[in-house]
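The values are calculated or read from the model by the stated rules, or taken from the named source; none is laboratory data. Quantities reported herein were computed from a predicted structural model and do not represent experimental measurements. Note that we place each Cβ from the backbone using ideal geometry, even for glycine, and neighbour counts take in every protein chain shown. Accessible surface areas use protein heavy atoms only, side chains included; no ligands, DNA or RNA. Shrake-Rupley method; radii C 1.70, N 1.55, O 1.52, S 1.80 Å.
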Amino acid sequence: MRELYLGVDVGSVSTNIVLVDEDINVISSQYIRTNGQPLETVKTGLKKLKKEFPVDGKIKGVGTTGSGRQLVGVMIGADVIKNEITAHATATIHFVPNVKTIFEIGGQDSKIIVVDNQMVTDFAMNTVCAAGTGSFLDHQSERLGIPIEEFGDKAMAADRDVRIAGRCTVFAESDMIAKQQFGFSKSEIIKGLCEALVRNYINNLGRGKKLEPPFVFQGGVAANKGIKAAFEKEINHEIIIPEHYNIMGALGSAILARDGNWNSQTETLFRGFEAADLEFVPSTFECEDCPNHCEVVEVRLDKKIVARWGDRCGKWTNSVNTVI
Amino acid sequence: MKVSFPYMGTTVVYKKLLEMLGHEVIMPPKPTQKTINLGVKYSPEFACFPLKVIMGSYFEAIDKGAEVIITSGGHGPCRAGFYERVHRRILEAEGHFVDFIVFDSMFRDRKTFIENVKRLKGKTPLHKVIHALWMVYDMIGKLDKLEMEVQRIRAYEVNRGETTRIWEHIQKMFDKAYTRGALRNAYDKGRKMLAAIELHSVEEENRIRIGIVGEIYVVMEDSINMKMEQLLNSLGAEVERSQYLSQWVTYNMLPKWINWSHEKHILKLSDPYLPIQIGGHAKQSVGQIVDYSRRGFDGVVHLMPFGCLPELVSQSIIPKINEDFGIPVLTISLDEQAGIANNQTRVEAFIDLVKSKHKERLSQGEKNINKSTQHVTTTG
Ligand code: SF4
Ligand code: SF4
């Protein structure tokens, strides 16, 4: 029998589900667009995963992370529910033990995590400004009519440098149009955009931080060679892109599940693949019992409430008996 | 007079004082999203977040019948000095003509201070006034003591929410106490109730302690700071706040010669980093971070209203303090658009960081405390 761990990273744009063995070798990994429906997305993922599940495998622990970590954690029965920063750092430290600086750029958010001696000592996170995230590039690729997948190669083919104001998406756009009119090629513009994104990202998140090598770059945007080159130019140092750059959050939560399980020999809370067939119905209400007016989330399974959170006082959370 | 005041922290004390001076107190409701929306709607867009929330509070209090508003005046150079005037103008523009009584430190403008006291005192005989002041001063001290206990034990409560419920009950008991005997009873009973709360036992060396610093309104009023104290407690950390009402009173109201206060000490600690007063609570914030470092706290959460200039300055000083002391600091800026979920993630990650640092400190011994921790910023 092989002991396996499941890690789920539920972001607002995409959801990753990974299955790993005890030594964190990836056995299966699913990438699905979340489309605002975390529960449905994870169900689809579980069904796919079931088909690839080794016959001699047994799930020993489950971890969730990402903005939907709590909801999905309840649904699949997670042993560990952790924030994205800790989850990402955990994975990076596992694969690159001497890492000191982690650059993570996803579709909707981005972060810098500073690590010392395998321990997170500092971090910054950007969730509001699009100019430092992948959606900035998506946007520009649409404008230029060049698929995002080709961005990297195009950027590498540029002959000249062009500086594009990247403080903000709106400025970048008008500046880009201007530069096109000056006669810069699309390749050059794309290279300029990559550099603008990196400059922006470092200015925003790296302020006041000691950024030291080894540098690791991960998240969906790490697939883009142009951005990697821009990073290396900006910080004047080589950058490591881990093999699983795209699923680090999910891997991190799988590792956390494994390490949580290491000491206590407790049974996993995993509901099994049958969870994909269960009907979970989330809803929210505003509690008016005191001036806090908490927005309480509740999840029902077969009309029975299986989880509640969001209350400040604990009265709703505590009123749920943990079931199955 | 039907009086009201901005809602901030433990409001029973203001209520009590005003009642004992013979006023009818209109309690402003605790700020909710509705209050914030109301405030945002009527305030200038670039006004500080506290101004907006207080604005909303005033509208709600006036709705309930308030005729006079009592507030403490901040003093420049930042915008706090203009609060009352801005508020008054906006209210007037909306057709509400209420009176304001603005209290400032009695040392700054003694004449106005005494006039204000006279207005509030009304026909209450002097001995009653003295009695009331003494009562309330006593009450503040007692409440602060109990609250500090709450902020400590809530981290270990077995039944989530129990401590907060009891704390609310205790405040109600104090609300009903009008004699010194009743006050003492409430205090003793409160202490017993807190002592009876069932706690997880956690070894002394495994306890995590976090200090909260920042601009006074967002620090004191939990309805607009994501219930930061409760949040940190629920993640297993003991909490101490940089400001307690009793300290404020001691610093601003007691005559200089008997005025020994924590705040003086704090201001001194900030001198090497920020030698002058730049308004708001920047100097205090800086001094308090130093103070928490020296007292061996594991981390500090620094709260600032979005766009608050003094706290922006203190934020920029934090990396320097960090170099000297190595204490992790998380800055969170709050405004009407603050994304609770993202800040929650930051706080959780911060506590993870603090905990692993704490563990490391234990295993390495106090001698070589790791000084590499930097200032954690939040963008967006
Ligand atoms: S859930 Fe609790 S804290 Fe929130 S509004 Fe209801 S009673 Fe108040
Ligand atoms: S301290 Fe900050 S929030 Fe308060 S008035 Fe001054 S600038 Fe505004």
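Taking A:Ile148, A:Ile240, A:Ile177 in turn, the Gaussian network model of chain A (Cα-Cα springs below 10 Å) assigns the largest fluctuation to A:Ile177.
Counting only residues at least eight positions apart within a chain, or on another chain, the lysines with an alpha carbon under 18 Å from that of A:Lys304 are A:Lys315.
Using heavy atoms of the protein chains and a probe of 1.4 Å, the accessible area assigned to B:Arg209 is about 80 Å².
Here each label is just a point 7 Å from Cα along the line to Cβ, and for A:Val26 and B:Lys320 those points are 4.6 nm apart.
Taking 7 Å steps out from each Cα toward its Cβ at A:His237 and B:Asn159 produces label points 5.3 nm apart. Across bins of 5 angstrom width beginning at 0, how are the C-alpha pair distances of segment A:13-102 distributed, in whole percent? Going out from 0 Å in 5 Å bins, segment A:13-102 shows 3, 12, 21, 25, 21, 12, 5, 1 percent.
Is the shape of segment A:179-268 best called rounded, prolate or oblate, per the rule: a/c under 1.5 gives rounded, else a/b larger than b/c gives prolate, else oblate, with a ≥ b ≥ c the square roots of the Cα gyration tensor eigenvalues? Here segment A:179-268 falls in the prolate category.
Shape call for segment B:2-124 from the C-alpha gyration tensor, a ≥ b ≥ c root eigenvalues: rounded (a/c under 1.5), prolate (a/b greater than b/c) or oblate?
oblate
For chain B, the 222 nm mean residue ellipticity estimated from helices alone, with every DSSP H stretch of n ≥ 4 adding -39500 (n - 2.57) and the total spread over all residues, rounds to -17000 deg cm²/dmol.
Translational diffusion of segment B:97-166 was estimated from the Stokes-Einstein equation, with Rh taken as the Kirkwood radius over Cα pairs; at 25 °C and 0.890 mPa s the coefficient is 158 µm²/s. In this calculation the C-beta distance from A:Phe171 to B:Lys118 is compared with R0 = 51 Å, giving a FRET efficiency of 0.35. With all protein chains in place and ligands, DNA and RNA left out, the 1.4 Å accessible area ranks B:Tyr83, B:Tyr178, B:Tyr244 as B:Tyr178, B:Tyr83, B:Tyr244, largest first. The C-alpha atoms of chain A define a longest principal axis, and helix A:186-205 lies at about 60 degrees to it. With 5 Å bins beginning at zero, the pair-distance distribution over Cα atoms of segment A:98-241 amounts to 2, 11, 21, 24, 19, 12, 7, 3, 1, 0 %.
Note the buried accessible area between A and B here, summed over both chains, with a 1.4 Å probe, in Å² to the nearest 100. Mind showing how you got there, number by number?
Numbers: alone 15660 and 18440 Å², together 31300 Å².
It comes to approximately 2800 Å² buried between A and B.
Modelled spin-label separation between B:Arg294 and A:Ile305, with each label point placed 7 Å from Cα along the Cα-to-Cβ direction: 4.9 nm. Computed from backbone phi, the HN-Hα couplings of segment A:243-252 come to 3, 9, 3, 7, 10, 4, x, 5, 4, x Hz, rounded to whole numbers (Karplus: 6.51 cos²θ - 1.76 cosθ + 1.60, θ = phi - 60°; Gly and Pro given as x).
Based on the reciprocal of the average 1/r between different C-alpha atoms, the Kirkwood radius for chain B equals 21.8 Å. In summary, the convex hull built on the alpha carbon positions of chain A has an orientation-averaged projected area of 18.9 nm². Note on A:Lys210: lysines with a C-alpha under 21 Å away, same-chain residues under 8 apart excluded, are A:Lys100, A:Lys111, A:Lys228, A:Lys233, B:Lys320, B:Lys357, B:Lys371. Of all the options A:Phe103, A:Phe270, A:Phe184, the one that moves most in a Gaussian network model of chain A with Cα springs shorter than 10 angstrom is A:Phe184. Using the Kirkwood radius built from alpha carbon pairs, what does the Stokes-Einstein equation give as D for segment B:183-243 at 37 °C and 0.692 mPa s, in µm² per second? Translational D for this selection: 241 µm²/s. How many angstrom lie between the C-alpha centres of segment A:59-122 and segment B:159-178? Their Cα centres are 38 Å away from one another. In this structure the amide hydrogen of B:Phe100, modeled in the peptide plane, comes within under 5 Å of the amide hydrogens of B:Ile69, none closer than 5 places in sequence on its chain. Residues A:Lys315, B:Lys359, ordered by accessible area of protein heavy atoms at a 1.4 angstrom probe radius and largest first, appear as B:Lys359, A:Lys315.
Let me know the charge dipole size of chain B about its Cα centre in debye, to the nearest 20, where only the beta-carbon of Lys, Arg (+1) and Asp, Glu (-1) is charged. Display every interim value, and only then the final one.
Working: 51 positive and 45 negative charges, 212 e Å.
Charge dipole, chain B, about its Cα centre: 1020 debye, nearest 20.
Charging the Cβ of each Asp and Glu at -1 and of each Lys and Arg at +1, and nothing else, the dipole of chain A about its Cα centre rounds to 240 debye. Measuring spread by the Cα atoms of the protein assembly as shown yields a radius of gyration and Dmax of 27.5, 87 Å. Calculated [222 nm] ellipticity per residue, helices only, for chain A: -11000 deg cm²/dmol; basis is -39500 (n - 2.57) per DSSP H run with n ≥ 4, divided by all residues, nearest 500. Based on alpha-carbon atoms, the Kirkwood radius and the radius of gyration of segment B:95-242 give Rg/Rh equal to 1.06. Applying the Karplus relation 6.51 cos²θ - 1.76 cosθ + 1.60 with θ = phi - 60° to segment B:173-187 yields 3J(HN,Hα) values of 4, 5, 4, 8, 8, 10, 10, 5, x, 4, 5, 4, 4, 4, 5 Hz, where x marks Gly and Pro.
Around the amide H of A:Ser110, modelled in the peptide plane, lie the amide H atoms of A:Asn126, all under 5 Å away and 5 or more residues distant in sequence or on another chain. Free of any GluC sites (Glu not before Pro) that DSSP assigns to a loop and that have at most 13 other C-beta atoms within 10 Å, the longest stretch within chain B is B:204-365.
When the Cα positions of B:Gly161, B:Leu143, B:Val3 are compared along the charge dipole of the protein assembly as shown, B:Val3 comes out farthest toward the positive end, with charges on each C-beta of Lys, Arg, Asp and Glu.
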